[in-house]
1. Which of the three applies to the stretch B:280-360, rounded, prolate or oblate, going by the alpha-carbon gyration tensor with a ≥ b ≥ c and a/c under 1.5 meaning rounded?
2. For chain B, what is the charge dipole size about the Cα centre, in debye to the nearest 20, if Lys and Arg each add +1 at the Cβ and Asp and Glu each add -1 at the Cβ?
3. Of B:Thr24, B:Thr63, how do they rank once you tally other Cβ atoms within 10 Å and put the fewest first?
4. Would you mind calculating the relative contact order of chain B from Cα pairs under 8 angstrom and at least 6 residues apart, reporting the percent as a whole number?
5. Nearest 500 deg cm²/dmol is fine: what mean residue ellipticity at 222 nm does chain B get from its DSSP H runs of n ≥ 4 alone, each adding -39,500 (n - 2.57), divided by its residue count?
6. Taking only Cα atoms and a 10 Å spring cutoff, compute GNM fluctuations for chain A and point out the largest among A:Lys124, A:Lys146, A:Lys186.
7. Under a cut-off of 19 Å between alpha-carbon atoms, report the lysines in cross-link reach of B:Lys120, not counting same-chain residues fewer than 8 places apart.
8. How would you rank A:Ile163, B:Ile94, A:Ile43, going from fewest to most other Cβ atoms within 10 Å of each one's own Cβ?
Amino acid sequence: MKIAKYPFAVFSAALFTVMLITPISSISNLLWLNSVDMPVGIISSLEVLLFDFQRLGILLYGVVIIGFAIAFSFTAVLINFTNISSKYLYALAGAVSIGAAMYLMVELLFESELLGGNRTFVGKVLHWIAGFFGGYFYYSLISKNKNYTFIVRFFGILYAYLILGFVLNWVFTPESAAADYGFVLKDLNDNAQNALIRDFTSFFISTFIFTILGVITLNPTWFLAAGIIYYGAAVFNLYAIFIHGTNYNQIYIGEIILGSWPTIIAFAILYFKKNE
Amino acid sequence: MKLYLPAFLFLFSVHLSSEYKFETVLDNLDDAWSFVFLSEDKVLFTEMPGKLKIASLKDKSITNVTNIPEVAYSSQGGLSEVVLDPDFNSNNKIYMSYSANTDNNKITLFLSTAELVNDKLVNSKVIFKAVASRRSPAHMGAKISFLDDGTLILTSGDGYDHREKAQKLDNHFGKIIRINTDGSIPQDNPFISNQNALPEIYSYGHRNMQGLLVTSDGLIYEHEHGPKGGDELNIIKPALNYGWPAITYGIDYSGAVISPFTQKDGMEQPLLYWDPSIAPSDMIYYEKDLYPEFKNTFLITALVSRDVKQVVFENNEIRQKSLFSDLGFRLRNIQDSPNGYIYILTDGPGNKLIKVIPKK
């Protein structure tokens with residue numbers, strides 16, 4: 001566990017930093033929309049903030065993990081040669097790695113500023129500050145002993161983060177979400193639209209909430225409940241194909257993965273609790 | 001053997017589809033971007049690195065045109081569109097759009113005119129330089145067309161990093177420009193009396209416009225690359241705001257929300273939008289008789305969907321059909337020859353010009 005805590009601390013700090021970074025772009029965008037008299041309100045703001053956290057965040061997550069892994073490894077060596085407090089060194093390393101990542105994304109990859117929030121000087125400074133807090137968070141994670149709950153919670157949060165994408169799609173953009181499953185929403189009658197939106201939204205929100213409750217309480221039942229729902233979807237996907245003659249739909253593979261993930265977490269909790 | 005070799009090569013350059021034959025008439029071009037017919041057997045075409053060439057479709061010979069303006073070739077920039085003056089037969093004038101460096105070492109969109117005389121450009125003149133400087137040539141637009149009154153319209157893209165400027169009238173990012181062919185500004189331009197607007201602006205709120213044409217009834221049709229899921233086909237009218245990026249049907253490539261809004265009073269809705277994106281790259285309105293099935297329909301080349309979309313407006317309905325997808329190439333440009341044959345240019349370095357031959 002002692003060794004495992006370092007990579008998981010990087011993963012966790014990166015997710016925490018992404019949570020700080022994405023609102024910079026979202027808020028700068030909302031401010032601009034407001035400046036051109038678009039009717040920005042609470043719901044539209046939430047839509048932008050949450051979608052950006054989920055969709056933009058997933059892209060950034062990989063970048064931040066790589067940046068942090070390099071920066072924190074280097075810092076771990078540097079600590080031996082300096083008297084500066086470790087917590088400030090890691091925080092500084094976080095800020096530098098975010099700054100470097102943002103710069104290299106433009107210069108080496110895209111030739112354009114992919115992050116709207118990073119186009120201004122103020123935005124850039126805010127990104128560095130987010131990296132600073134990310135580094136500080138990393139230090140706080142590695143400076144204490146961790147048990148299995150740290151890793152279990154990380155996987156639970158990551159799972160919820162992925163499910164959040166489905167939730168947001170169905171809550172804010174059901175037409176686009178329905179299209180992913182082959183429905184043209186506006187072609188359905190009102191009752192069918194209602195049924196589709198309420199059932200799918202409920203399906204994804206329930207599993208999202210189960211997972212969050214599992215992360216908070218570490219009660220394996222919550223994770224198992226989420227797993228059963230997705231296993232059920234996979235089983236009845238195959239049932240629809242082979243019994244009712246629908247087209248082959250390989251989405252059952254995704255459903256098995258989404259079922260297995262929380263189920264493994266549930267059994268891991270049971271195993272560790274038994275051996276405690 | 002000498003006799004058989006050309007025939008052998010020719011056989012390999014002809015693709016067969018159920019309804020059409022595809023004949024590769026030019027191959028291994030250096031990122032050719034647009035072309036125009038000088039006659040049935042002769043095309044003038046641009047290559048993005050900054051070459052303007054004349055190709056004979058009979059013997060496949062290619063001649064370099066000299067005295068070309070210097071261009072900034074990288075990313076989406078370079079020598080882009082070439083069009084002939086409506087009176088080309090009498091004045092030999094052509095117009096070229098391209099990206100080039102500005103005095104402050106940034107890049108912007110230029111429009112030049114020149115006379116094409118014996119494979120050489122003479123009397124070259126820059127007639128428009130966009131107030132749209134950027135560090136890298138992204139989203140240039142660069143499509144040219146002529147209105148019935150003899151004025152010229154040009155698309156100037158939003159530069160990607162400058163998308164918000166498409167809503168401001170003090171720059172040329174995300175605008176359609178209207179000027180006279182000598183570069184002067186028509187006095188009936190919609191913002192000419194607006195002190196806070198650049199007088200060349202005809203319409204605004206656009207993204208990266210890659211298709212522009214004027215039909216015989218005088219309507220201007222334009223299509224533009226949207227973000228992920230927001231490519232649009234619009235009818236352009238003076239002074240109107242087409243909404244980008246305040247309203248859009250797409251999301252950013254990064255996954256970020258560009259705007260949660262798809263409509264607003266005072267901002268135009270597209271005739272049609274594509275979700276998922278097809279990346280429309282050029283279009284013609286086919287009015288000739290060689291392909292009766294295409295007559296009076298739009299043919300739009302696409303980069304991502306690798307086909308030509310036939311778009312038909314009929315009884316307030318829009319129908320679409322995918323054509324030529326068996327070619328399998330990203331398609332960059334489409335033109336019809338004086339005799340009515342359709343030619344399609346594929347995209348990227350090493351690209352081809354393909355003639356579509358009806359089987360019947």
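1. Oblate, since a/c reaches 1.5 and b/c is not below a/b.
2. 740
3. Exposure proxy ranking, most exposed first: B:Thr63, B:Thr24.
4. After rounding, I find 13 percent.
5. Rounded to the nearest 500, it is -1000 deg cm²/dmol.
6. A:Lys186
7. In chain and number order, the partners are B:Lys42, B:Lys51, B:Lys53, B:Lys93.
8. Ranking A:Ile163, B:Ile94, A:Ile43 by Cβ neighbours within 10 Å, fewest first, gives A:Ile43, B:Ile94, A:Ile163.
Any read-out appearing in this document is the output of simple, stated calculations on the displayed coordinates, not a laboratory observation. Values in this document were obtained by computation on a predicted structure and should not be read as measured data. Here the Cβ is made from the backbone with ideal geometry for all residues, glycine too, and neighbour counts use every protein chain on show.
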